[in-house]
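See below for the structure under consideration.
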Amino acid sequence: MLNRSIDEIIDNALFTEGNLVRLLSINDSGGMEYLCQKAYEIKTKYVGKTVYLRGLIELSNICRKNCYYCGIRKDNHAVNRYIMTKDEIIEAARLSWQLGYGSIVLQAGEVVSDTYADFIADVVKSIKQIANGGVGITLSLGEQTKEVYKLWRKAGAHRYLLRIETSDPEFYKCLHPDDHSFDIRLACLNDLKEAGYIVGTGVMIGLPDQTLERLARDILFFRRIDADMIGMGPYIPHPATPLAVKTNGFADSRDERLNLSLRMIAVVRAVLKDVNIVSTTALQSINTTGCEVGLLAGANIIMPNVTDFKYKKDYILYENKPCIGEDAVLSKDRLEPRVRSIGEQIGYYKTGDPPHFIRRNG
Ligand code: SAH
Ligand code: SF4
């Protein structure tokens, strides 16, 4: 594809499904470089060159779901299940703040009960007491009722990540058992918005039977639901999952998945402009410079893992998760030079909310 054609689509916002597919199919290195550069300019203009950090706390791997792709799915009986105590979670949040990370993400498998809802609300309130409410709290705890979302919002959480995984209801069925509902997931995104959260969603990239058309429609879906944050990363098979046996030639190799993930980041930046986009752990795990190249393609958020090793080793969603053996401090020391090497800076102690949300509520 000619650079001129890339310019024409992006500069004139001609974001039809067909044009997005054209951008996503660029596979020569010159074209990729040009697309990423263009996305980088848009990122610089709309969100700047500061990278915001979210300390990731994987508070539990107990899950009631059976997503076909995920290593901690309920039916994987080889997993040693855990839930961190309140004190342990708060300790991890404190460590994260001491490292200068302005926000934390509390992530876990999906648990639905009144006791759990109250436990999380209590934890959130206590974390809010660290640094006089300075720590931004993002939750990624799956599908819950509107009331629970409101309860947690009131306790002090202000962002929520819930990936739609795919915006195609038929394809959703290929990735999940029958009792997992696309409509409920969609309704949850709506409930989150109504509850006043900054809402993040996203998809995995390079799934068997995924197509560029589907990915293009995912991007249009992000725009349609007016998402504030996007977290997307390459799909990485986990051997103990049903989906791992499937390969069909769609972005099967790691290189293809890496490059397609970068193009997705770039195109999402070009279309959505002022949102936060995560350079994900999964990206880093398929390439040692995944984190930096993600930033260069248009991402502006990194989520260093601050979960204690004792638990982290049991939170394996996919093979080869990076930094499993590293502690949070080491990861931070590695991060700083990486971010500097590409001429960016870290927004220490800043929550880094997306301008999109501020505009949406303006
Ligand atoms: N249970 C919550 C949060 C934890 S899972 C939820 O599902 O929303 C967080 C994300 O990990 C999922 O949304 C999914 O997109 C991603 N994930 C799961 N298995 C994966 C795999 N094999 N490769 C890449 N990402 C995966
Ligand atoms: Fe559970 Fe989330 Fe994994 Fe699905 S993706 S099995 S909901 S942890």
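The values are calculated or read from the model by the stated rules, or taken from the named source; none is laboratory data. In this text the structure is predicted, and so the values were computed from the model without any measurement. Cβ sites come from the backbone with ideal geometry, for glycine too, and all protein chains shown count toward neighbours. Surface areas here come from the heavy atoms of the whole protein model, side chains and all, with no ligands, DNA or RNA. Shrake-Rupley method; radii C 1.70, N 1.55, O 1.52, S 1.80 Å.
A compact table of results
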quantity	calculated
Residues (of a type outside the set (A, V, I, L, M, F, W, C) and at pLDDT 95 or above) located in segment 239-252	THR241, PRO242
Residue match in segment 290-304 (condition: at pLDDT below 90, open to solvent by 20 Å² or more (accessible area, probe 1.4 Å) and among the small types (Gly, Ala, Ser))	no
Residues within segment 141-161 that are out of contact with any Ser or Thr (no Cβ under 6 Å at 6 or more places or on another chain) and open to solvent by less than 30 Å² (accessible area, probe 1.4 Å), tallied	11
Close pairs from segment 8-27: first without any contact (Cβ under 8 Å) to a residue 40 or more places away in the chain, partner among the hydroxyl-bearing types (Ser, Thr, Tyr) and part of a loop (DSSP other than H, G, I, E, B), Cβ under 9 Å, at least 6 apart	ILE9/THR16
Tally of residues being touching a Phe, Trp or Tyr at 6+ places or on another chain (Cβ under 9 Å) and open to solvent by 30 Å² or more (accessible area, probe 1.4 Å) across segment 247-286	2
Elements of type helices (runs of 4 or more DSSP H) contained in segment 220-325, each with 3 or more residues being over 17 Å from the mean Cα position of the chain (by Cα)	254-272, 309-312
Filter result for MET1 (touching a residue at least 40 places away in the same chain (Cβ under 8 Å), more than 14 Å from ligand 2 (Cβ to nearest atom) and either touching a helix residue (DSSP H, G or I) at 6+ places or on another chain (Cβ under 9 Å) or in a loop (DSSP other than H, G, I, E, B) (or both))	no
Leading residue by the ranking (most open to solvent (accessible area, probe 1.4 Å)) among those in segment 86-109 that are outside any loop (DSSP other than H, G, I, E, B) and within 16 Å of ligand 1 (Cβ to nearest atom)	GLN107
Segment 29-41 residues that are modelled with pLDDT of 95 or more, paired with ones that are assigned to a helix (DSSP H, G or I) and surrounded by fewer than 19 Cβ atoms within 10 Å (Cβ to Cβ) (beta carbon under 7 Å, 6 or more apart)	TYR34/ASN3
The listed residue being over 22 Å from the mean Cα position of the chain (by Cα), closer than 16 Å to ILE265 by Cα and open to solvent by 30 Å² or more (accessible area, probe 1.4 Å), out of ASN27, ASN80, ASN19	ASN27
Total residues in segment 334-362, condition acidic (Asp, Glu), more than 15 Å from THR44 (Cα to Cα) and either under 20 Å from the mean Cα position of the chain (by Cα) or part of a loop (DSSP other than H, G, I, E, B) (or both)	1
Subset tally (residues that are open to solvent by less than 50 Å² (accessible area, probe 1.4 Å) and either out of contact with any Ser or Thr (no Cβ under 9 Å at 6 or more places or on another chain) or within 23 Å of ILE301 (Cα to Cα) (or both)) for segment 212-227	9
Residue that is surrounded by the fewest Cβ atoms within 10 Å (Cβ to Cβ), among those in segment 53-67 that are more than 16 Å from LYS313 (Cβ to Cβ) and more than 9 Å from ligand 1 (Cβ to nearest atom)	ARG64
Residue within segment 110-126 that is within 23 Å of TYR235 (Cβ to Cβ), buried (at least 20 other Cβ atoms within 10 Å of the Cβ) and within 13 Å of ligand 1 (Cβ to nearest atom) present	no
Lone unmet requirement of (1) within 23 Å of the chain's Cα centre (by Cα); (2) at pLDDT below 95; (3) basic (Lys, Arg) for LYS74	(2)
Every residue from segment 41-62 that is of a type in the set (A, V, I, L, M, F, W, C) and in a strand (DSSP E or B)	VAL51, LEU53, LEU56, ILE57, LEU59
Check on ILE230, within 28 Å of GLU292 (Cβ to Cβ), crowded, with 18+ Cβ neighbours inside 10 Å, within 16 Å of ligand 2 (Cβ to nearest atom) and β-branched (Val, Ile, Thr)	no
LYS65 being within 16 Å of ligand 2 (Cβ to nearest atom) and either touching a Lys or Arg at 6+ places or on another chain (Cβ under 7 Å) or modelled with pLDDT of 95 or more (or both)	yes
Yes/no for PRO169 being touching a helix residue (DSSP H, G or I) at 6+ places or on another chain (Cβ under 6 Å) and open to solvent by 10 Å² or more (accessible area, probe 1.4 Å)	yes
